[in-house]
Amino acid sequence: EDQFYVDLNFALQFNDINEFKQNGFSRSIHLGFIRDYPISTRGDKAIAVGMGYGFVRLVNNINVEQEQGQYLYDVPVVQRALRNVFSYHQLQLPVELRWRTSTPSDYAFWRVYLGYRLSYQFRGQFNPFFGRSMFLKNQLSTWQHSLGISLGFNTWNLRFDYSFTPLLQKDIRTIDNKALRLVPDQVGVIFYLL
């Protein structure tokens, strides 16, 4: 069962930063194609490999300024919540271990897909609540690793994705020298189209 897929997610931003706030609706969309390789004679167990594209939009109160070619990060304490936006694109390589209750003639079935997703992140951009947007050159972690699970019945399924990689490179710190470790996890729905 080779499939096209589209998943829509709410992005949860986990962190260990004081004064950090996730303000607004952070989201992502992923789409791609995945090829199924059955590993059982009934076809109910398989390994799948694919290619995909993702776009992620994170809304929070982290502020970025650029001075003399340097990026300065801050998590300001303000009365009014800042809705600054980090957005970026991904090229993805999903690999899944699949279990389902399908038969050769039944296309409506229960499924549980456990997967690993390797993502190349590029074209990072910062759009402040006030001011001009800027591209974040060499600021994002180049590669993101995540584990996910998709489960459900028939076409629509729930999806959970847990990231092991912070959004920004590990040496990036705030102006008051605090580590800026922001890890976006995702929960949403995934739609499979045969």
| task | Return the residue satisfying two criteria in turn: it lies in segment 51-101 and is free of Cβ contacts under 8 Å to residues at least 12 places away in the same chain and not in a strand (DSSP E or B), and of such residues it is nearest to Arg117 (Cα to Cα). | result | Gly69
| task | Count, please, the residues in segment 180-194 that happen to be surrounded by fewer than 19 Cβ atoms within 10 Å (Cβ to Cβ), assigned to a strand (DSSP E or B), at pLDDT 85 or above and over 12 Å from the mean Cα position of the chain (by Cα). | result | 2
| query | Out of segment 151-167, which residues are part of a strand (DSSP E or B) and either in contact with a Gly (Cβ under 9 Å, 6 or more places away or on another chain) or open to solvent by 20 Å² or more (accessible area, probe 1.4 Å) (or both)? | reply | Leu151, Phe153, Trp156, Leu158, Arg159, Phe160, Asp161, Tyr162
| query | Of all the residues that make up segment 117-150, how many are out of contact with any Pro (no Cβ under 9 Å at 6 or more places or on another chain) and either open to solvent by 60 Å² or more (accessible area, probe 1.4 Å) or more than 21 Å from Gly188 (Cβ to Cβ) (or both)? | reply | 23
| said: Given the criteria of a type in the set (Gly, Ala, Ser), under 16 Å from Leu180 (Cα atoms) and touching a residue at least 24 places away in the same chain (Cβ under 8 Å), does Ser119 qualify? | reply: no
| request: Scan segment 81-116 residue by residue and report those that are surrounded by 18 or more Cβ atoms within 10 Å (Cβ to Cβ) and among the acidic types (Asp, Glu). | output: Glu96
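The values are calculated or read from the model by the stated rules, or taken from the named source; none is laboratory data. Quick caveat: nothing in here was measured; it's all calculated off a predicted structure. Neighbour counts are summed over all protein chains in view; Cβ atoms, including those assigned to glycine, are modelled from backbone coordinates with ideal geometry. All accessible areas refer to the heavy atoms of the entire protein, side chains included, with ligands and DNA or RNA removed. Shrake-Rupley method; radii C 1.70, N 1.55, O 1.52, S 1.80 Å.
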